[in-house]
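These notes are about the structure you will find just below.
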Amino acid sequence: MSSSSRRPEHTAPPELFYNEAEARKYTQNSRMIEIQSQMSERAVELLNLPEDQPCLLLDVGCGSGLSGDHLSEQGHCWVGVDISPAMLDVALDREVEGDLILGDMGQGIPFRPGTFDGCISISALQWLCNADKKSHSPPRRLYRFFSTLYSALARGSRAVFQLYPENSDQVELITSQAMKAGFTGGMVVDYPNSTKAKKFFLCLFSGVSGALPKGLGSETVERGVSNQALFTGERSRFRQMKGKSVKKSKDWIVEKKERRRRQGREVRADTKYTGRQRKTRF
């Protein structure tokens with residue numbers, strides 16, 4: 001998991017980062033198209049959909065429709081949601097087969113209960129961990145998204161998110177809010193020992209707990225290196241959050257510092273002592 005300051009979500013809000021110039025790359029850059037297609041194929045495989053049966057699927061952060069193309073090739077119908085007008089314009093120009101909706105997933109999924117047979121998302125979920133506005137609370141936006149998605153999915157279906165988590169705290173934040181919304185499941189890691197090929201897939205079960213799929217490359221996993229991270233309906237340390245970080249906690253301090261940096265203020269660099277509780281002195 002990378003902590004580089006050059007991550008896209010640290011550069012600008014998604015609706016601004018994915019402008020016309022960035023959107024064009026998804027039709028011109030063959031390497032980018034290939035990677036998107038491979039991750040989409042893997043996400044659909046993890047959905048474990050019934051064979052020879054067309055399903056109605058939701059594509060969150062559908063962008064230019066590359067992931068939707070794979071859904072169409074598999075015979076499925078799909079609805080795509082994205083926050084970037086420029087990316088959706090590219091999808092329209094490409095004449096994708098799915099229905100497209102401009103929307104912010106952090107505000108929830110606006111569909112009736114049980115609408116979809118499954119959900120995929122490629123490289124989008126980590127954006128919800130970033131507060132782009134003063135009113136944004138990552139835990140609250142994640143919970144709003146997961147709770148409305150849980151309602152919109154048919155019971156027994158799955159949601160699979162390919163994502164680029166920044167660190168283990170971000171993984172815990174995401175999974176805790178998904179669990180709070182009612183999901184079970186866990187993180188599937190493909191090729192955990194490879195720097196370039198390593199991919200994270202959050203595999204969620206709606207209504208019915210299932211066996212977590214094995215990550216690719218599991219036959220070469222070293223002892224002590226896991227390619228699965230399972231969670232169930234047990235309460236986590238985030239149970240007190242109620243949509244926001246506990247005040248004065250390390251998460252709360254880090255979020256506050258990040259907001260101030262985005263506002264252009266001078267903030268001390270994070271260290272291993274950030275948010276550390278000092279012992280009482282007598």
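The values are calculated or read from the model by the stated rules, or taken from the named source; none is laboratory data. Just so we're clear, the structure is a prediction, and the values are computed from it rather than from any experiment. A quick note on method: Cβ atoms are made from the backbone with ideal geometry, for glycine too, and the neighbour counts reach across all protein chains shown. Accessible surface is based on the protein model in full, side chains and every heavy atom, while ligands, DNA and RNA are left aside. Shrake-Rupley method; radii C 1.70, N 1.55, O 1.52, S 1.80 Å.
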Per-region count, region 185-200, residues out of contact with any strand residue (DSSP E or B) (no Cβ under 9 Å at 6 or more places or on another chain) and of a type in the set (V, I, T)
1
Give the residues of region 193-206 that are surrounded by 14 or more Cβ atoms within 10 Å (Cβ to Cβ) and either among the hydrophobic types (A, V, I, L, M, F, W, C) or farther than 17 Å from F161 by Cα (or both), sorted by residue number.
F200, F201, L202, C203, L204, F205
Region 72-81, subset in contact with a helix residue (DSSP H, G or I) (Cβ under 7 Å, 6 or more places away or on another chain) and modelled with pLDDT of 95 or more, residue surrounded by the fewest Cβ atoms within 10 Å (Cβ to Cβ):
V81
Of all residues in region 167-220 being acidic (D, E) and within 26 Å of K250 (Cβ to Cβ), which is modelled with the highest pLDDT?
E172
Given the conditions (1) closer than 19 Å to F111 by Cβ; (2) assigned to a strand (DSSP E or B), which single one is not true for G185?
(1)
Cβ-Cβ distance below 9 Å, separation of 6 or more or different chains: which pairs start in region 246-270 with a residue that is farther than 16 Å from P138 by Cα and end on one that is surrounded by fewer than 10 Cβ atoms within 10 Å (Cβ to Cβ) and modelled with pLDDT of 70 or more?
Q263/K134
Could you go through region 115-127 and let me know if any residue there is surrounded by fewer than 20 Cβ atoms within 10 Å (Cβ to Cβ), farther than 21 Å from M32 by Cα and polar (S, T, N, Q).
yes
Could you identify the single residue in R158, R144 that is part of a strand (DSSP E or B) and either open to solvent by 30 Å² or more (accessible area, probe 1.4 Å) or on the phi < 0 side of the Ramachandran plot (or both)?
R158
Would you pick out the residues in region 31-54 that are farther than 15 Å from G65 by Cα and either of a type outside the set (D, E, K, R) or touching a helix residue (DSSP H, G or I) at 6+ places or on another chain (Cβ under 9 Å) (or both)?
L46, L47, N48, L49, P50, Q53, P54
Among the listed residues G243, G233, which satisfies the condition of being at pLDDT below 60, open to solvent by less than 30 Å² (accessible area, probe 1.4 Å) and closer than 26 Å to T115 by Cα?
G243
